[in-house]
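Report on the structure given below.
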Amino acid sequence: LKCPAIFPLAFFSGDTAATRWYYTTLIDSELYIMPKTELHSLGIHNAELSEYLMHWFSSEVHEILTRLSSLSKTLAKDKIAAALKFLAVWHSTERRSGWRRVTFPVSHQLLADMTGITRESATLTLKEFQAEHIIRAPRATILEINHLKLYSN
C-alpha cells in the first residue's frame, strides 16, 4: 500500500476476524490509529469521504488482483516484469526519457519476495532486464525502470 492507505483491507468487507498476516513498512511512516467504529461513522456521515474510500479501495483491489494474476506466470522473467510494472505505476516518480524511479529502496530480495521466486533467480532476471536497458540501478538499492521499454517488451 502507499500513503495514504487504510489497513487492514479486511475493514472494507466488514469482517471482524483477526488479521492473518502482518504489515511492514519499507520507509519511515506515520501511522494513525482510528477505531473501526469511528471510521465507519465518518463514512456514513460524509459522502465525499465514502466516495474517496470506495475509489481508493477499488484501485487497491485491482492492483492486488493484477499482482495475484502475475504470480501464476511460470517464468521468473514474467513475474519480475509484472512486479516492475506494478512498481513503475504505483510507487515511482517520473524521471527523464521514460525512466521512473521507485520511491523506496528495492533489493533483489524484496523483488524475490514480491514474486515468489528465489533471490538468485531475481538477481539473474534483473541482470537480463539491465542488459536490455529496461532497468538501471544508479546506486545500490535505487531502482529506475524504463516504463516505455518495459511495456513494449
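Things to note:
- Neighbour net charge for Ser70 - beta-carbon separation under 15 angstrom, K R +1, D E -1: +2
- Nearest-0.05 FRET efficiency for Phe104 and Phe57, computed from C-beta distance (R0 25 Å): 0.65
- Set against the labelled values [x] 11, 39, 34, 13, 3, 0; [y] 9, 34, 31, 18, 7, 0; [z] 9, 31, 23, 12, 10, 8, 5, 1, P(r) over Cα pairs in 10 Å bins from 0, in percent computed from this structure falls on [y].
- Largest GNM mean-square fluctuation across Tyr23, Tyr52, Tyr32, computed for the chain with C-alpha springs under 10 Å, falls on Tyr32.
- Compared with the dominant principal axis of the Cα atoms in the chain, helix 47-71 is inclined by about 40°.
- Between Arg119 and Thr93, the FRET efficiency from the beta-carbon distance, with R0 = 30 Å, is close to 0.70.
- The range 80-142 shape via C-alpha gyration tensor axes, a/c threshold 1.5: prolate
- Cross-link table Lys79/Lys127; Lys73/Lys127; Lys2/Lys77; Lys2/Lys149; Lys85/Lys127, entries beyond 23 Å C-alpha to C-alpha: Lys2/Lys77; Lys2/Lys149
- Of the solvent-accessible surface of the range 5-65, computed with a 1.4 Å probe over protein heavy atoms with every protein chain present, carbon and sulfur atoms account for 61 percent.
- The chain, dipole about Cα centre (Lys/Arg Cβ +1, Asp/Glu Cβ -1), debye to the nearest 20: 700 debye
- The chain: angle of helix 36-45 to the longest principal axis, Cα-based, in degrees nearest 10: 80 degrees
- Considering only Pro35, Ser107, Ala137, the residue lying farthest towards the positive end of the dipole of the range 18-153 is Ala137, judged by Cα position with unit charges set on Cβ.
The values are calculated or read from the model by the stated rules, or taken from the named source; none is laboratory data. Note that this is a predicted model, so its numbers are computed, not measured. Neighbour counts are summed over all protein chains in view; Cβ atoms, including those assigned to glycine, are modelled from backbone coordinates with ideal geometry. Surface areas here come from the heavy atoms of the whole protein model, side chains and all, with no ligands, DNA or RNA. Shrake-Rupley method; radii C 1.70, N 1.55, O 1.52, S 1.80 Å.
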